[in-house]
Amino acid sequence: MRTLPAVTGRDEFDALVVRIDYVDDQAWQDVVAALMEAWGDGQYEAHVHFIDDPAWSGATVDEVLTAVRGDDNVAVVFLADRTTMQAENHPLLAVTTLTREECVDEEDYEQLTEFGSDFRTIPARLHEVYANLSIGNLGFEEFAAWAHDDPEGIFRSF
């Protein structure tokens, strides 16, 4: 497993979006533009920390998680992967940073990852996911369950 650059300069209130696919620059610009739009019916300004460094090209989920685990304020990281770049609605891969060691026991971990440790979300919903996870209003498993119920496996709304 390769070592990725350290994540620096991220404000704890910024959602972390990591670009790991570098095939389509226009698709990436479309993703960035969508993520920078105000959210919550236009009430809230978007706060995103983008990692757009070719050193991350082709990084695996495990490599990204290893690189971001040093930041205690990252409960979820959003990856702009090949699927993000190729799909019309640009669904990002939301990945929990939760580990078994952070859980009370194996049963707790299994409950919190019942629908997996990742799911996809459209850019317009990324901020809702991040904000709710940040304040503990909703858990990762709830968003993963909603995505699981979607025919395409994507969280689109509550």
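Rule-based calculations on the coordinates, nothing more; no lab input. Model, not experiment: these values are computed from the prediction. Cβ sites come from the backbone with ideal geometry, for glycine too, and all protein chains shown count toward neighbours.
What value, in deg cm²/dmol to 500, does the helix sum -39500 (n - 2.57) over DSSP H runs of n ≥ 4 give at 222 nm once divided by the residues of the chain? Don't skip to the answer; put the middle values down first.
On the way: 6 runs with 54 residues, N = 158.
After summing the helix terms and dividing by the residues of the chain, the value is -9500 deg cm²/dmol.
Among 16, 65, 93, which one shows the highest mean-square fluctuation when the chain is modelled as a Gaussian network with alpha-carbon springs under 10 Å?
Checking each option, the largest mean-square fluctuation is seen for 65.
At what distance in angstrom do the alpha carbon centres of the range 1-53 and the range 105-158 lie from each other?
Using only Cα atoms, the two centres lie 18 Å from each other.
Would you look at the GNM of the chain, springs on alpha carbons closer than 10 Å, and say which of 78, 50, 140 moves the most?
Of the options given, 50 has the highest mean-square fluctuation.
Find the Rg to Rh ratio for the chain, where Rh is the Kirkwood radius over alpha-carbon pairs and Rg uses the same atoms.
Values: Rg = 14.9 Å, Rh = 15.9 Å.
Using only Cα positions, Rg/Rh for the chain is 0.94.
Place +1 on the Cβ of every Lys and Arg and -1 on the Cβ of every Asp and Glu in the range 8-95, take the dipole about the Cα centre, and give the residue among 75, 39, 50 whose Cα lies farthest towards its positive end.
Going by the Cα projections, it comes out as 75.
Can you work out ³J(HN,Hα) from phi for every residue in the range 17-28, in order, using Karplus 6.51 cos²θ - 1.76 cosθ + 1.60 and θ = phi - 60°, giving whole Hz and x for Gly and Pro?
10, 10, 7, 10, 10, 10, 7, 10, 5, 5, 4, 4
Rg and Dmax in Å for the range 57-97, alpha carbons only: what are they?
11.0, 33
Under 8 Å for C-alpha pairs, at least 6 residues apart: give me the relative contact order for the range 15-152, rounded to a whole percent. Walk me through the numbers before you get to the answer.
Working: 180 pairs, mean separation 35.4, N = 138.
Over the range 15-152, the number comes to 26 percent.
In the neighborhood of residue 57, defined by Cβ-to-Cβ distances under 15 Å, what is the net charge if each Lys or Arg adds +1 and each Asp or Glu adds -1? Could the numbers behind the result be given before it?
Working: positive: 2, 19, 82; negative: 21, 24, 25, 52, 53, 63, 81.
Local charge sum for residue 57: -4.
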